[in-house]
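To start, the structure under review is shown below, and the notes come after it.
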Amino acid sequence: MAEIEKIELKIPNLGDAESTEIIEVNIKAGDKVNLNDPLIVLESEKAAMEIPSDYDGEISEVLVTTGDSAKEGMIFAKIISNEKTISKKATSEKIANKVSQEPIAKDKTEKVYETNKSSSTHNDKILAGPAVRKYARELELDLTSINGMGKDGRITKDDLKRFIHQKITPSKRDVYPSLESLAKFGPYKIENLSGIRKAGLKNLQNSWSLIPHVFHFEEINLTRINDIREKVKCSPLPVIVKAVSNTLKKHPLFNSTLLSDSEVLLKDYINIGLAVNTRDGLVVPVIKEVNKLTIKDIDQAIKKLSMHAREKQLKKTDIEGATFTISSLGKIGGQGFTPIINHPEVAILGISNNKKTLSMYKEKIIEQLVLPISLSYDHRVINGVDAGEFMYDLKIELEEKVK
């Protein structure tokens, strides 16, 4: 019976390369590996090279991470095995030969990568290590269709997983129940959705599946808003729109659009969309350049656009170009809700119904009227701290500053 032992796995002879960077680590403690399974991938100035396993066994410890520098003889992991299956020397020679024979790219910015002969030629210049290429071949994935999130746009295994999840979308047959499955339970009638509702269905489903939504809640003391309402003779909405516009100036990330995995478009203009309910469904007319308008101007714009929406008189220019949206349910708003972001925007504000609460003020219990609001934001662009600061400044704006 072969003796079980813990073996140190070392970086082999790298030929002319004195040191390399570890660009992929394919193992973790507890993984079972077989002979020739890819363990790590190294990158030198000449090539990316895969370090295979010399043993069958179980990884007991991993001593490196992606981005580490590696030199010949450095221990990168330990494995528990009962036999040595191939010669370390043979592996070292194989790696050294691969490096020494690899041609150097004429352009210093160009990197050459080893590819399997069975790979299609249009994948050859994609930034991806041999392990990733192997997985892509096994899963029949076209690397040219995948956006790399690694260093210099390198495609990683996580990128492959993300691409696969995005491609797995349910068919209409999976999303909707069949008429036959429901008809047996009793009488029914079928109505066609309006064009507005059908458009909303498609847009909302796309936004919900594409954008990772996160939510933030706050309550606003209505004292200042009600004071302004009495002077301007308007509803709370124009005051809130003005306060949101002022807050967006301080937080331009909330007035942006995500262009790619590495770029965000920050807009110098502020156009706020307002969700308006009509008999045919919700529409979102847009108030342009809100930052240049007074509260009274905003009130008049809201009344005009809402009337046109309900009378089906909105033009195409009235419903395009929004940079941020507000959805107000007014008196039917309940105590809070989480609206879906209007893609390609990155945030939306929900306004619910006001309520009376009790609070302490100068050691006395007082009653105050508050307005619950909620922020839905795209977590790819905005983090929790950003959202907290935005809502804090919006609260100060509504309770102390807006005019």
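A few comments on the model shown:
- Any hit, the stretch 260-269, residues being touching a helix residue (DSSP H, G or I) at 6+ places or on another chain (Cβ under 7 Å) and surrounded by fewer than 13 Cβ atoms within 10 Å (Cβ to Cβ): yes
Residues checked against (1) out of contact with any His (no Cβ under 7 Å at 6 or more places or on another chain); (2) acidic (Asp, Glu); (3) over 16 Å from residue 342 (Cα atoms); (4) surrounded by 17 or more Cβ atoms within 10 Å (Cβ to Cβ):
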residue	(1), (2), (3), (4)
240	yes, no, yes, yes
248	yes, no, yes, yes
251	yes, no, yes, yes
257	yes, no, no, no
279	yes, no, yes, no
299	yes, yes, yes, yes
305	yes, no, yes, yes
320	yes, yes, no, no
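- Residues (of a type in the set (A, V, I, L, M, F, W, C) and in a helix (DSSP H, G or I)) located in the stretch 229-239: 232, 237, 239
- Subset of the stretch 262-287 (residues that are among the small types (Gly, Ala, Ser) and closer than 16 Å to residue 346 by Cβ): 262, 273
- Remark: residue 218 falls outside the filter, which requires a residue to be acidic (Asp, Glu), outside the structural domain of residue 23 (by TED's automatic domain parsing) and over 27 Å from the mean Cα position of the chain (by Cα).
- Any hit, the stretch 215-228, residues being touching a Lys or Arg at 6+ places or on another chain (Cβ under 8 Å), touching a residue at least 40 places away in the same chain (Cβ under 8 Å) and not in a strand (DSSP E or B): yes
- Filtered by the rule that a residue be surrounded by 16 or more Cβ atoms within 10 Å (Cβ to Cβ) and closer than 20 Å to residue 22 by Cα, the stretch 137-156 gives 148, 150, 154, 155, 156.
- Filtered residue count, the stretch 226-236, keeping only those that are touching an Asp or Glu at 6+ places or on another chain (Cβ under 8 Å) and surrounded by 17 or more Cβ atoms within 10 Å (Cβ to Cβ): 1
- Applying the criterion of being hydroxyl-bearing (Ser, Thr, Tyr) and under 26 Å from residue 283 (Cβ atoms) to the residues of the stretch 202-225, the residue that is surrounded by the most Cβ atoms within 10 Å (Cβ to Cβ) is 207.
- Flag if residue 331 is of a type outside the set (Gly, Ala, Ser), out of contact with any strand residue (DSSP E or B) (no Cβ under 7 Å at 6 or more places or on another chain) and at pLDDT below 90: yes
- Some residue of the stretch 176-199 being assigned to a loop (DSSP other than H, G, I, E, B), closer than 30 Å to residue 380 by Cα, more than 17 Å from the chain's Cα centre (by Cα) and outside the structural domain of residue 367 (by TED's automatic domain parsing): yes
- Every residue from the stretch 371-403 that is at pLDDT below 95, among the β-branched types (Val, Ile, Thr) and surrounded by fewer than 20 Cβ atoms within 10 Å (Cβ to Cβ): none
- Residue match in the stretch 257-280 (condition: within 24 Å of residue 333 (Cα to Cα), modelled with pLDDT under 95 and under 27 Å from the mean Cα position of the chain (by Cα)): yes
- Some residue of the stretch 240-259 being in contact with a strand residue (DSSP E or B) (Cβ under 8 Å, 6 or more places away or on another chain), over 25 Å from residue 305 (Cβ atoms) and without any contact (Cβ under 8 Å) to a residue 12 or more places away in the chain: yes
- Residue, farthest from the chain's Cα centre (by Cα), within the stretch 45-87, restricted to residues that are assigned to a strand (DSSP E or B) and at pLDDT below 80: 84
The values are calculated or read from the model by the stated rules, or taken from the named source; none is laboratory data. As the structure is a prediction and not an experimental result, all values here were calculated from the model. Heads up, the Cβs are rebuilt from the backbone with ideal geometry, glycines too, and the neighbour counts pull from every protein chain shown.
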